[in-house]
1. Cβ-Cβ distance below 8 Å, separation of 6 or more or different chains: which pairs start in segment 672-685 with a residue that is without any contact (Cβ under 8 Å) to a residue 60 or more places away in the chain and end on one that is outside any helix (DSSP H, G or I) and among the aromatic types (Phe, Trp, Tyr)?
2. Could you check segment 480-497 and list, in sequence order, the residues that are buried (at least 19 other Cβ atoms within 10 Å of the Cβ) and either modelled with pLDDT of 95 or more or aliphatic (A, V, I, L, M) (or both)?
3. Filter segment 354-385 for residues that are under 60 Å from the mean Cα position of the chain (by Cα) and under 22 Å from residue 434 (Cβ atoms) and give the result.
4. Just one of the numbered conditions (1) buried (at least 19 other Cβ atoms within 10 Å of the Cβ); (2) under 58 Å from the mean Cα position of the chain (by Cα) is not true of residue 101; which one?
5. Given the condition part of a helix (DSSP H, G or I), among the aliphatic types (A, V, I, L, M) and surrounded by fewer than 17 Cβ atoms within 10 Å (Cβ to Cβ), answer yes or no: does some residue in segment 504-520 qualify?
6. For residue 929, only one of the following conditions fails: (1) touching a strand residue (DSSP E or B) at 6+ places or on another chain (Cβ under 9 Å); (2) farther than 17 Å from residue 1046 by Cα; (3) touching a residue at least 12 places away in the same chain (Cβ under 8 Å). What is its number?
7. Looking at the structure I just gave you, is residue 348 of a type in the set (A, V, I, L, M, F, W, C) and farther than 30 Å from residue 235 by Cα?
8. May I ask you to verify whether residue 586 is buried (at least 18 other Cβ atoms within 10 Å of the Cβ) and charged (D, E, K, R)?
Amino acid sequence: MSLIDDFNESTETSYLPASVSFGDSHLPQNGYAAGFESADNVRLETGYVSISSGFGQTEIPIFALNYVQFQLPARLVDMVVSNDILIMAVEPARILRINLDRPLEVEEIEITRKPGDGKIVKMFFDPTGRHLIITTDHGENFYLYEKWRRAKQLSKLKGVTISSIAWNKQATLTDPSTREILIGTRNGLIYETCLEPTDEFFRKEEKYFKQVYSIHESTMPITGLHFEQFPVNNRKYFVMATTPTRIYQFVGYIGPSSAGTSRGSPSFVESDDRGERAMFESMFSKYDVNPGFQELPGELSYSELHFFSRFYDLQQQGVAQTFAWLTGPGIYHGDLIFGSQNVGDSVIDNVQLLQYPATPSEDESSKLVTEIPISVAITEFHFILLYKDRIRAVCQLNDQIVYEEMIPTSQDEEVVGMVVDDIKRTFWIYTTFSIYELSVENEERDVWKLYLEKSQYDMALQYCKDPAQKDKVYTAQAKDYFSQRRYQMSAKYFAESAVPFEEVTLKFVEKSERDALRIYLVKKLERFRKKDRTQKTILATWLVEIYLSKLNDLEDMASSAHCTSVSNNNGDVETPTNNSAAYYEEQLAEIKDEFKSFLETYSSVLHKATTYKLVASHGRSNELLYYASLIGDSDRVISHWIVQKEWQKALDVITRQVVPETFYKFSPVLMENAPRETVDVWMRQPNLNPRQLIPSLLRYDHHKISEKVAQNQAIRYLSHVVSTLGNTDPAIHNLLLTLYATQLTDDETALLTFLKNEGREMHYNLGYALRLCSQNGRTQSCVHIYSQMGLYEEAVELALKHHDLELARINADKPEDNDALRKKLWLSIAKHVVQENKDIKTAMEFLQQSDLLKIEDILPFFPDFVLIDDFKDEICQALEDYNIHIEDLKTEMDEATKSADSIRLDIRELKSRFALINAVEKCYICHYPLLTRQFYIFPCQHAFHADCLIDETTKYLSTRQIRRLADLQEQLSRELSSTRNKGTTAPNMGATAKLMSAAAGNIKGVIFPGDAAALDGAQSDPRLGHAEQLKDELDEIVASECALCGDIMIKSIDQPFIADDDADVIASWTV
């Protein structure tokens, strides 16, 4: 409902009659009512105006009696309504049925009865609106099903005057039967039966009809009867029965007749005559001897029993929660609690007796008269009482009359009764000639006020409809707790109310209740909106001060209590009390956790500088660090731990950082005091720039570190950066080289490993490295650097200078592509071995390690008067090797001579090679006869005209080859032209070749194979020899391979079948 709708609804109250209205004059003046209507609560802090705070708004009445426009055909005897089906019984014995969904359609039901059957006195309608039982004063009973137009007589119930029926809630719309039901009679008996409608003439609707209980008072009718199934056990039932003065309760398990049936399926007893037990018989049998009941004496001859359930849907009916029993002394009502009750236990709880309201007498206004109602109905919060001339509604919460209205009746008209449709929650009142509907709308509207009267604040809040109502409840609850000195509870609800902030804070300050003030401020802070940042910052700062003071106070009290605490005589520690040290320590831990939670929530709204100053002024270093961590001020945290010399804690904080600048800022001091741990942190951060960490590395002095740390941490980190992370920064490599070279050790293994791992792509400065290694006496490293620089002679010389022959030999073999240099290096080594060591045997052994030196190479280094015996074997071996080499050369020369002869023979055979050509042979390119022009023929038997082959081959030649081809054609043309002009002919030329040459003509002056015979006879002419060379070169270009079998065919695979210059051909085929 919108605000406009609420306003329109509330403005209607000005037109209400002057009768009593719920919540007005009946609200006691205990201080709450005046407070609710005060002007302070009209406008709340949120800025809205309450729609229920006055200013002329009206409210729709909860109860309204509406006349039903229906003309009764005769005097109305009884009426029932269920599930929107209304059935009336009018004199003499007519039944009218109306579906309220179609109120204009009135259906008259025929009753087959005899004149002596008596008058209709009562009708009973089941909740589903399908089953109707009609009883007469002569004990005749009739049954009507929803689809029938005629009622049938129940023969088994003949002679039984029904006074009440307990319908079965398990009956569903899919099941046509009533399931097991209980019937109470006028003479105090309870029967069980089950009705199932049937169209068969001889079949009875009542499956069985059996008495299950008797109250043994034949003059007491069973005026009310109802049963419920326990929610947790589908075989456990509760039955309530009433008479005009007694109320009975029965609790137990149903009998065996239903034991084999499920909850959703009907369970019937076939016949009483067969001795089978009814479903409720076993339960009632437990109460035969001692039927527990409660009696309310009175002279009233009638009574009613009604139940209320909040879940009234037909398909999902819940168990009843409350009941009301109309008796002479008043309305006996209470709650129904279903639990673990057994036989003899009561299900009723919180019972009360509502006495009927007394009203002034019509004759004497000063005299109060108590009138007993005709009928009663129960709603969630009210009792509806029907009198002979009026109707009243009494609130269950305060027993006050909240509604009263006269029922207009004519002279001969009487109020008959009131019926309730439990499914649709409609209330109907009928007289002998009229029908009224009592509408109940929004009956819980003012319930919150009544609960507030009783200080049931939670229930009041549950029924509040708008913020203004909730504010009134919160305000009253807060003031109530404050008056009871329950200040912390009061603070919680003051924060929810609209009481001015200044007023509440002053209340707690005056009472010195800082804990309550803290709770109030926290709750108030939670209610602020996001845009109220200034207010949030001020409150949060105040709370920080309060929390810090509380922490200091608790620490002081804990210390004081600890000093005065004593132990029991048996040595056990005393149980913590409100003044013990353990109590204060527990409180201190709780406040610390609460303060940390507060900082987590509101750190974003606190002013950083102010908060730092506050926390520091109280000396709370842990809280200061916690706050700094929350806002991400890691620099302050790290600085604190460094000042405290807590290096590991500082490193723990740095490890969680992602900004590299933090590492660069604090690494120098950490590297100086905790190098190994610092390096561990660095190695876990691959995003750091090692160049920025050079100052930290220079602050590190490995000699000052304890002997427990054997590894140089600077070298460890730089090695990780270079080898694992692949850093190529020359500064990093030069620094690592410096650290390796300046170590106080003679072992060069680590330095050499570093230099060798650099490979050819060195990232350090070679000149700096050479100078540094020379200054620190790193000979092997210097030799390696010389070799990296390509100065192999200097490398070998330095190695020999330090008498390191192995190192010299390794470097002598490094110039692999320069044998002359290698031999020179090996000679220098050999010279050193012979002249410096003067060891001939060693020199001979050394000679065997190189494949470049011979004995004759090192002989000049031997002394002039050395004995040959020392190397006689080597000389002999050398001479034998020379002899073998000479023999090998002779063999190779013989083989070369044979190969040359074979080649000459092949050349002569090639000149005489020929091929047979068929006269009808065609060119494979132009498909014209081959013999019409000069041609080429290949060993694959493919033949081409010379000009065709040249044209085809030219497409795949390079530009240089095309130019050379044209030049060769021109030169050959000139050579042959000059030869023909002199009349030079080949004497050995055959007649066929001449004819072919004459027939073909001279195409572009090219010499073809046919001209070879002409040239063979003129070898004496130097020009013809030159022409032969030109022709061979031309053949090499044009006819080196077949155009269809060689590389030309492979190169043409990506060429289209139809070239661009064939567009005319394509067009000629167009249809």
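The values are calculated or read from the model by the stated rules, or taken from the named source; none is laboratory data. This is a predicted model, so every value here is computed, not measured. Using ideal geometry, Cβ is built from the backbone for each residue, glycine included, and neighbour counts are taken over all protein chains shown. Ligands, DNA and RNA are stripped out before the accessible areas are found, and what is left, the full protein with its side chains, is counted by its heavy atoms. Shrake-Rupley method; radii C 1.70, N 1.55, O 1.52, S 1.80 Å.
1. 672/700; 675/700
2. Across segment 480-497, the qualifying residues are 491, 495.
3. Correct list: 375, 376, 377, 384, 385.
4. (1)
5. Yes, segment 504-520 has at least one match.
6. Among (1) touching a strand residue (DSSP E or B) at 6+ places or on another chain (Cβ under 9 Å); (2) farther than 17 Å from residue 1046 by Cα; (3) touching a residue at least 12 places away in the same chain (Cβ under 8 Å), residue 929 violates only (3).
7. Criteria not met by residue 348.
8. no
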